[in-house]
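Before any comments, here is the structure.
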Amino acid sequence: MTAFPEVSKIQYEGPDSDNPLAFRWYNPSEVVAGKTMREHLRFTVVYWHTFRATGSDPFGGPTMLRGWDDGSDSVENACRRARVAFEFFEKLDAPFYAFHDRDVAPEGGSLAETNANFDAVAKVLKEEQERTGVKLLWGTANMFSHPRYMHGAATTCNLGVYTYAAAQVKKALEVTKELDGVNYVFWGGREGYQTLLNTDMKRELDHLGRFFHMAVDYAKEIGFTGQFLIEPKPKEPTKHQYDSDAAACLNFLRSYDLTDHFKLNIETNHATLAGHEMMHELEYAGMQGALGSIDANTGDLLLGWDTDQFATNYYLTAQIMLVLLKYGLSPGGVNFDAKVRRESFQPIDLFYAHIGSMDAFAKGLKIAAKIIEEGALQHPLQQRYASWDSELGRRIEAGQASLSELADVALQQGEPPVNESGRQELLESVFNRYIDRA
Ligand code: XLS
Ligand code: NI
Ligand code: NI
């Protein structure tokens, strides 16, 4: 059986190619900044958008044509879909995929039945991983779709639901380990609140901290050594998501003594929903040693929600790659948490979307590598802070100076040396020069 008969394995043809089913920039074996593109980028296809999204929205029903999917909740359908997914990963030459438990296998009549369904599909996933060499970047548990999670999962007011969520994460960890998952992700889902009139925020956050500790302990118990990741998002579905941005997540992790066990999975559309640029979120996580992985997508500047579009803008991908080259990405990946528009309903659109974004990230990588190699931003940056390289600057940075000492220096020096230009416009033009030339 083949679900994509018109597509064979996507090849690199170079920037002059007009073939929409070829890579123009992503050349997996090409070495950039000391590593192959494949090693740098660790492209990942997500199961939920690519194989479960139907195209329905609040105004209309499903649009996607997915001939292999009978639309039923049977395990047989789930297993067939899994084989199709691997045909897609293989033809796209994507080294990784990622899933929620409920994306890959249907819920059953009881928790035990649901777990058995998950095991049955996991068997197929394992077989397909072995056949193709495609690996699991991360697993996660969907604790937001089912109505039982209306008040949250690890932050719910309902202890019975908390218990159920714990069972779900336990199982998802076991399956992620069984499939050699490299990471395990917690995106908050409904961990947040709509109004403080009915919410004990402190108690909910304490419960969340306990929940994460139990997950860390269980991972140790079963020998799962993958990296735990938290994915910040400021709103949607709740008004106040607890993991609102990188800074809030790190503060939470520090308060609950979890920094040794968690890093962050930063998503572009979530950064912009938080009122930040993606580069800000990446840098904030990176400078604290907490940059784990990225959910590579983009929002729409004119729409205020999580549209999860494929990123094709070189300016954005080059900015992202600048930070990733600085801090490194492994064991994470460039994970396409992105969906085709509901008007792009044919299976072939899934290829066009991924190829376009893989190329945009590959070109972004080349741009960023050149900028770094030539010190195009580094030199001006060093110059900008040059006054701090003095003896006094070093003493302050080392914590050896006092306010009184600085006051004496200030009295002697009089008016400080004149400021220099920030040169933002010049640097933006320099950036464009590298986009032109990469
Ligand atoms: C939703 C999130 C979700 C996570 C995985 O906004 O991006 O898709 O990546 O639960
Ligand atoms: Ni995401
Ligand atoms: Ni999202």
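If the condition is being aromatic (Phe, Trp, Tyr) and away from ligand 3 (no atom under 16 Å from the Cβ), then segment 170-220 contributes Tyr184, Tyr193, Phe211, Phe212, Tyr218.
When the criteria are applied in full, Ser74 fails the requirement of being in contact (Cβ under 8 Å) with a residue 60 or more places away in the chain, farther than 21 Å from Leu92 by Cβ and out of contact with any strand residue (DSSP E or B) (no Cβ under 8 Å at 6 or more places or on another chain). Among the residues of segment 199-249, those identified as among the hydroxyl-bearing types (Ser, Thr, Tyr) and either within 15 Å of ligand 1 (Cβ to nearest atom) or under 16 Å from Ala167 (Cα atoms) (or both) are Tyr218, Thr238, Tyr242, Ser244.
Listed by first and then second residue, the pairs with beta-carbon distance under 8 Å, at least 6 apart or on different chains, first residue in segment 200-220 and free of Cβ contacts under 8 Å to residues at least 24 places away in the same chain and polar (S, T, N, Q), second surrounded by 14 or more Cβ atoms within 10 Å (Cβ to Cβ) and not in a helix (DSSP H, G or I), form an empty list. Do we find a residue being aromatic (Phe, Trp, Tyr) and more than 25 Å from Gly188 (Cβ to Cβ) anywhere in segment 130-140? Taking every residue of segment 130-140 in turn, none turns out to be aromatic (Phe, Trp, Tyr) and more than 25 Å from Gly188 (Cβ to Cβ). For Arg66, indicate whether it is part of a helix (DSSP H, G or I) and not small (Gly, Ala, Ser). The answer is no for Arg66. Answer yes or no as to whether Ala215 is within 16 Å of ligand 2 (Cβ to nearest atom), in contact with a helix residue (DSSP H, G or I) (Cβ under 6 Å, 6 or more places away or on another chain) and of a type outside the set (Asp, Glu). Spelling it out, it is not the case that Ala215 is within 16 Å of ligand 2 (Cβ to nearest atom), in contact with a helix residue (DSSP H, G or I) (Cβ under 6 Å, 6 or more places away or on another chain) and of a type outside the set (Asp, Glu).
The single condition from (1) among the acidic types (Asp, Glu); (2) closer than 16 Å to Met64 by Cβ; (3) more than 16 Å from ligand 2 (Cβ to nearest atom) that Asp308 fails is (3).
Scanning segment 56-63 finds no residues that are in contact (Cβ under 8 Å) with a residue 24 or more places away in the chain and either within 16 Å of ligand 2 (Cβ to nearest atom) or buried (at least 19 other Cβ atoms within 10 Å of the Cβ) (or both).
Strands (runs of 3 or more DSSP E) fully within segment 134-253 that include at least 1 residues being under 21 Å from His276 (Cβ atoms): 183-187, 227-231. Only residues that are in contact with a helix residue (DSSP H, G or I) (Cβ under 6 Å, 6 or more places away or on another chain) and outside any strand (DSSP E or B) were counted across segment 28-39, and they come to 4. Can Thr50 be described as under 19 Å from Asp308 (Cα atoms) and either away from ligand 2 (no atom under 16 Å from the Cβ) or assigned to a strand (DSSP E or B) (or both)? So Thr50 fails the test.
The set of residues in segment 284-296 being away from ligand 1 (no atom under 16 Å from the Cβ), under 14 Å from the mean Cα position of the chain (by Cα) and in a helix (DSSP H, G or I) consists of Gly286 alone. Taken over segment 169-185, residues that are away from ligand 1 (no atom under 12 Å from the Cβ), under 19 Å from Leu264 (Cα atoms) and among the β-branched types (Val, Ile, Thr) amount to 3. Among the residues making up segment 284-297, none is free of Cβ contacts under 8 Å to residues at least 40 places away in the same chain and within 13 Å of ligand 3 (Cβ to nearest atom). Among the residues of segment 1-46, those identified as under 23 Å from the mean Cα position of the chain (by Cα), under 25 Å from Val182 (Cα atoms) and either aliphatic (A, V, I, L, M) or surrounded by 21 or more Cβ atoms within 10 Å (Cβ to Cβ) (or both) are Tyr26, Val32, Ala33, Met37, His40, Leu41, Arg42, Phe43, Thr44, Val45, Val46. The criterion of being at pLDDT below 95 and within 16 Å of ligand 2 (Cβ to nearest atom) holds for Leu329. Just checking, does segment 153-170 include any residue being more than 21 Å from Asp295 (Cβ to Cβ), more than 16 Å from ligand 2 (Cβ to nearest atom), among the β-branched types (Val, Ile, Thr) and surrounded by 23 or more Cβ atoms within 10 Å (Cβ to Cβ)? Yes, that holds for at least one residue.
The C-beta contact set for segment 260-283 (first residue closer than 18 Å to Ser330 by Cβ and in a loop (DSSP other than H, G, I, E, B), second residue of a type in the set (A, V, I, L, M, F, W, C) and within 16 Å of ligand 2 (Cβ to nearest atom), distance under 8 angstrom, 6+ apart or interchain) comprises His261/Phe228.
Please pick out the residue among Ala78, Ala98 that is more than 16 Å from ligand 1 (Cβ to nearest atom) and not β-branched (Val, Ile, Thr). Of Ala78, Ala98, the one residue that is more than 16 Å from ligand 1 (Cβ to nearest atom) and not β-branched (Val, Ile, Thr) is Ala78. For segment 248-275, a residue qualifies if it is away from ligand 3 (no atom under 14 Å from the Cβ) and not hydrophobic (A, V, I, L, M, F, W, C), and the qualifying residues are Asn251, Arg254, Ser255, Tyr256, Asp257, Thr259, Asp260, His261, Lys263, Gly275.
The values are calculated or read from the model by the stated rules, or taken from the named source; none is laboratory data. As the structure is a prediction and not an experimental result, all values here were calculated from the model. Because the Cβ atoms are built from the backbone with ideal geometry, glycine has one as well, and the counts that use them run over all protein chains shown.
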